[in-house]
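In what follows, a structure is listed as structure tokens, so that the remarks can point back to it.
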Amino acid sequence: MKTLFSQHIVRLQQIVQQALELARLDGLWIYAGAMKYHFLDDQTAPFKINPHFNYFFPDPTAEQSWIFVDGKNKPKVYFYAPQDYWHVVPNPPVSAFFADEFDWQMLTEPSQIKQYIMQPQHCAFIGDDVALAESLGFEHINPKKVLNVLHFERSIKTEFEIECIAKAQFSAIKGHLAAKDAFFAGKSEFEINLAYLQATEQSDNNVPYGNIVAINQNSAVLHYTRLDTQLPKARHSFLLDAGTTCCGYASDITRSYAYDPQSEFAQLVAQMEQFKLAIIDDLQVGINYLSYHTQMHQWISQMLREFDFVKLPAEQIFEEGISRIFFPHGLGHQLGLQVHDVAGFQQNQRGTHKAPPDIYPSLRCTRDLAEGMVLTIEPGFYFIEMLLNPWRNAPLARFFNWEKIDYFKQFGGIRTEDNVVMRTNGAENLTALAEK
């Protein structure tokens, strides 16, 4: 990791040089951020680090720390390590694999940073606390020209970043196996989540996103996070969407299961798994992501016909938009320091934006695939009454097998998700490698 991180910093210095030259600035002051207090309360929300800080400094717990970088000199970290007996104080990672890439200055009080910031009017502040930036004299606060460069370049991962995301696959897979066992052992959603957290050695406060632990019809809620403590009367299906992190970099993995392996729902799960792997096998540098999303809709249209959910030719099912009822979200998204990572719509360093087409409003990527991109591939197939209901009285309603569709609503839905990195000769499936 040490060598990979050294190479990572070299590339980041080059990126900073480009951004500073474009914005005609001398340097970047990047603030890690601070915990936020709840309204009228002395309790804070869990700390979430500024991803731009984490981009340079792979410690996502470095609250109220700073980095100064100018693209030429060794980056300097101003590490906040207060004296405190109320809380566990941060332990400066001066012996970590990345420590030698920085000059270090310790802060015991947040206000001490004032004595180190010289000529702030010639530098950019990158962070969420605008009031703090203004009080310190910064005039260039999150300048768009700088952020456009940083966001676009963050979408192309270094080998260090790819290794972090790969490591996050292993712990997540361990958790997924524990959760699967808990489901088939008869546990509740709440208990399954505990099994996942224990296996991955995480708490609910430091998972990369809220775990989606859904039994039966709850799988039809795309971002279901309720965690029912009651056992269902019967078990039909289980969906788990959960990940872990390494140095702040996330994994994002989803698996679906049929309780009865001989059921037709189990056949649907297997079919969706095949679709996912087929798309991954087809991914190529230079091809627009939208084309793969469209291909998945065409395959799901075929599945709707083959499994007798809709009694129309697959081509018509696709053209009429019926597949979008059953697959309402995007094929996937970019992955990195943020689960839904930046620049999915950004086409270049200048910030040119390409929105998704109107028929696919939930698509999160409109980019041509490029070497070094890390993405999720997560096709889904659901029975969602809110989306089905408008079609019950539509002109084509008679072609829907409503009796069968209503029966399958008890299963909720299916999603299967792997994390891949684009290479020159196609996609490398990081999740599949971790499962071996």
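The values are calculated or read from the model by the stated rules, or taken from the named source; none is laboratory data. Everything numeric in this text was worked out from a predicted model, so none of it was measured. Every residue, glycine as well, gets a Cβ built from its backbone with ideal geometry; the counts of neighbours run over all protein chains shown. These area figures cover heavy atoms from the full protein model, side chains too; ligands, DNA and RNA do not enter into them. Shrake-Rupley method; radii C 1.70, N 1.55, O 1.52, S 1.80 Å.
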Completion exercise
segment 67-187: relative contact order from alpha carbon pairs under 8 Å, six or more residues apart, as a whole percent, is 15
Fill in the blank from the handout: With the 8 Å Cα cutoff and a minimum separation of six or more residues, segment 118-161 has a relative contact order in percent of 35
Exercise for the section: Could you please state, rounded to a whole Å, how far the C-alpha centre of segment 270-330 is from the C-alpha centre of segment 101-129? Expected result: 50
Practice task
Could you work out how far apart the two model spin labels at residue 370 and residue 2 are, taking each label as a point 7 Å from the Cα in the direction of the beta carbon, and quote it in nm?
Solution key: 3.2
Handout entry: All Cα pairs of segment 182-263, percent lying beyond 18 Å
Key = 39
Completion exercise
With label points set 7 Å from each Cα along the Cα-to-Cβ direction at residue 203 and residue 407, the distance between them in nm comes to 4.7
Fill in the blank from the handout: Full extension between residue 24 and residue 122 adds, at 0.36 nm per residue less the Cα distance, a length in nm of 34.4 nm
Fill in the blank from the handout: GNM of the chain, Cα pairs under 10 angstrom: of 36, 48, 144, the biggest fluctuation goes to 36
Practice task
Please express the Cα-Cα pair-distance distribution P(r) of segment 255-303 as a list of whole percents, one per 5 Å bin, running from 0 to the bin with the greatest distance.
Solution key: 5, 19, 25, 20, 15, 9, 5, 2, 0
Handout entry: Approximate spin-label separation residue 298-residue 61, in nm, with each point projected 7 Å along Cα-to-Cβ
Key = 5.0
Exercise for the section: Inverting the mean 1/r over all pairs of different Cα atoms, compute the Kirkwood radius of segment 359-400 and quote it in Å. Expected result: 13.9
Practice task
Within segment 230-272, find all residues whose amide N lies under 18 Å from a label point positioned 7 Å from the Cα of residue 184 along Cα-to-beta-carbon.
Solution key: 235-241, 254-271
Problem - Spherically averaged projected area of segment 309-436 from its Cα convex hull (nm²) - result: 10.5
Handout entry: Reach of residue 145 by Cα under 27 Å, taken over lysines that are not fewer than 8 positions away in the same chain
Key = 48, 72, 74, 76, 114, 157, 354
Practice task
Consider all pairwise Cα distances in the chain and report the whole-number % of them above 40 Å.
Solution key: 25
Practice task
Provide the descending list of Cα extents for segment 220-270 along its principal axes, expressed in whole angstroms.
Solution key: 41, 28, 15
Completion exercise
Net charge near residue 91 (other residues with Cβ under 13 Å of its Cβ; Lys, Arg +1; Asp, Glu -1) is -3
Exercise for the section: For residue 105 and residue 17, calculate 0.36 nm times their separation in residues minus their Cα-Cα distance, and state this gained length in nm to one decimal. Expected result: 29.4 nm
Problem - Gyration tensor (alpha-carbon) shape descriptor, segment 384-436, a/c threshold 1.5 - result: prolate
Practice task
Decide, for segment 36-136, between rounded, prolate and oblate: order the square roots of the alpha carbon gyration tensor eigenvalues as a ≥ b ≥ c, take rounded if a/c falls under 1.5, and otherwise choose prolate if a/b is larger than b/c, else oblate.
Solution key: oblate
Handout entry: Gain upon complete extension [residue 139, residue 159; 0.36 nm per residue less C-alpha separation]
Key = 3.7 nm
Problem - Sum of side-chain charges, residue 130 neighbourhood, beta-carbon under 15 Å (Lys, Arg +1; Asp, Glu -1) - result: -2
Practice task
Using a 1.4 Å probe and ignoring any ligands, DNA or RNA, find the accessible area of residue 311 and quote it in Å² to the nearest 10.
Solution key: 100
Handout entry: Size of electric dipole in segment 150-252: Cβ of Lys, Arg +1 and of Asp, Glu -1, about Cα centre, debye, nearest 20
Key = 340
Handout entry: Formal net charge of residues neighbouring residue 100 (Cβ-Cβ distance under 15 Å; K, R +1; D, E -1)
Key = 0
Practice task
Specify which residue in the list 382, 200, 136 is farthest towards the positive end of the charge dipole of the chain, using unit charges on the beta carbon of Lys, Arg (+1) and Asp, Glu (-1), about the Cα centre.
Solution key: 382
Practice task
May I ask which residue of 9, 263, 363 lies farthest towards the positive end of the charge dipole of the chain, with charges of +1 (Lys, Arg) and -1 (Asp, Glu) on Cβ and the Cα centre as origin?
Solution key: 363
Exercise for the section: Just tell me the longest site-free run in the chain, where the sites are chymotrypsin sites (Phe, Trp or Tyr not before Pro) in a DSSP loop having at most 12 other beta-carbon atoms within 10 Å. Expected result: 87-436
Problem - Per-bin percent of Cα-Cα distances, segment 234-334 [5 Å] - result: 2, 10, 18, 19, 21, 16, 8, 4, 1, 0
Exercise for the section: Find the relative contact order for segment 288-436 and round it to a whole percent, using C-alpha pairs within less than 8 Å whose residues are 6+ positions apart. Expected result: 24
Completion exercise
Per GNM of the chain with C-alpha springs under 10 angstrom, the most fluctuating residue out of 113, 384, 30 is 113
